[in-house]
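Shown next, in structure tokens, is the structure this report addresses.
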2 protein chains.
Amino acid sequence: MKKDVRNHILAVGADLVHRQGFNNTGIQEILKAADVPKGSFYFYFENKEDFGLNLVDFYEQQFAGMVKPILANKAEKPLQRMRTFFGSFREFYKQNEYTRGCPVGNMAQELGDLSAEFGGKLSCSIDSMAAVFVSLLDEAVAAGDLELQQSSAETAYFIVSAWHGALVRMKVTKSPEPLELFERMVFDNLLR
Amino acid sequence: MKKDVRNHILAVGADLVHRQGFNNTGIQEILKAADVPKGSFYFYFENKEDFGLNLVDFYEQQFAGMVKPILANKAEKPLQRMRTFFGSFREFYKQNEYTRGCPVGNMAQELGDLSAEFGGKLSCSIDSMAAVFVSLLDEAVAAGDLELQQSSAETAYFIVSAWHGALVRMKVTKSPEPLELFERMVFDNLLR
């Protein structure tokens, strides 16, 4: 029961922060949207920073849940799984009218300079994201489907950053074009 | 004189917003840092949004001023000018201990979903940034120094986004590594 309340506050906060940013979202607003009293919030979280740090874990788990079935689908070759991954996120953003972007990338941009603790945690979260691509790239190389000019780790981090940047431009163009371009450049050029 | 006060408020605000974000910076804070009365601010700017829109122009002019001498240096080949460009920004970030990131990219991320007017203006600002690279890439192609797989516009927008994403990761790793990786991937791979 208690775990449910904590998770409910995190889920409601995750949605608000994903839509409008961390600095732009107040605790009061989260309490109101979650329909819980102030005491509940402070029972689970020390302060807004502590809530934010837990939010990063929440987003990471959410992301892992979204990508798990895609990565586990061995019926597709590793590079095709990567295409499916980016295609399914493009579909998610389409459904959300090209808003939001990557919650971890957003928080990294917003909070990277404001708190070393946030910085470290968000950097690790980006590492986990890159690790997904490292494993797919390594699998593709081992299968003889891909030759890389740089290491799989370098390529993976570059892909994550290029995606984060494309998501930023998606938010101002309100179109799929930046994501489509990202996918073309990655699959037709970088990983060809 | 009046123009100086307006410019002074913008310069002080530009620095604060670059360091801590737009949503995280209040008008009061800008007034205090600029040492001007409230009336001065509202003489030049309708409200915080209007100030922010003018800030985008300010950043664009600042950027143009920084890149002009690099682009005009015909002693360097176009791709070398592009390397010099990214190297000089890497040096800027080093001096700022890998904080801040791209002010336009930051605002695009923070405000792209919150105001259509901001979104349109920031999208145009990213267009101007891409235009710089389009012209360098076209020049390199014309000189026979480069063969592109995609159009110069597509390549330029991809480079801008990849840079924005690398700057986000720079803010959480507090190291030059994301920018150095970006430069290697762009010059040794994408534009090789």
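Being of a type outside the set (S, T, Y), in a loop (DSSP other than H, G, I, E, B) and over 26 Å from B:E183 (Cβ atoms) holds for only one residue in B:N24, B:N54, and it is B:N24. Look at the stretch B:71-82: where a residue is free of Cβ contacts under 8 Å to residues at least 24 places away in the same chain and a partner is charged (D, E, K, R) and open to solvent by less than 50 Å² (accessible area, probe 1.4 Å), sitting 6+ places away or on another chain with Cβ atoms under 7 Å, you get B:N73/B:R81. In the stretch B:147-157, of all residues being open to solvent by 10 Å² or more (accessible area, probe 1.4 Å) and closer than 19 Å to B:A131 by Cβ, the one that is farthest from the other protein chains (Cβ to nearest Cβ) corresponds to B:S152. Among residues that are open to solvent by less than 50 Å² (accessible area, probe 1.4 Å), closer than 25 Å to B:A153 by Cβ and either within 14 Å of the chain's Cα centre (by Cα) or at the interface with chain B (Cβ under 7 Å from one of its Cβ atoms) (or both), A:V132 is not included.
Give the residues of the stretch B:173-192 that are within 18 Å of B:P103 (Cα to Cα) and open to solvent by less than 10 Å² (accessible area, probe 1.4 Å), sorted by residue number. Scanning the stretch B:173-192 gives B:P178, B:L179. So in the stretch A:14-65, with the set limited to residues that are touching a residue at least 40 places away in the same chain (Cβ under 8 Å) and of a type in the set (V, I, T), which one is farthest from B:S115 (Cα to Cα)? Among those residues, the one meeting the criterion is A:V56.
Within the stretch B:117-129, if we keep just the residues that are within 8 Å of another protein chain (Cβ to nearest Cβ) and without any contact (Cβ under 8 Å) to a residue 12 or more places away in the chain, the residue that is surrounded by the most Cβ atoms within 10 Å (Cβ to Cβ) turns out to be B:G119.
Applying a threshold of 6 Å to beta carbon distances and a minimum spacing of six or more residues, or different chains, the list of pairs starting in the stretch A:158-169 at a residue that is within 7 Å of chain B (Cβ to nearest Cβ) and ending at one that is not in a helix (DSSP H, G or I) reads A:H164/A:C102.
The values are calculated or read from the model by the stated rules, or taken from the named source; none is laboratory data. Note that the coordinates shown come from a computational prediction; the quantities given were computed from them, not determined experimentally. Cβ coordinates were reconstructed from backbone atoms using ideal geometry, including for glycine residues, and neighbour counts include every protein chain displayed. Surface accessibility is based on the protein's heavy atoms, side chains included, excluding ligands, DNA and RNA. Shrake-Rupley method; radii C 1.70, N 1.55, O 1.52, S 1.80 Å.
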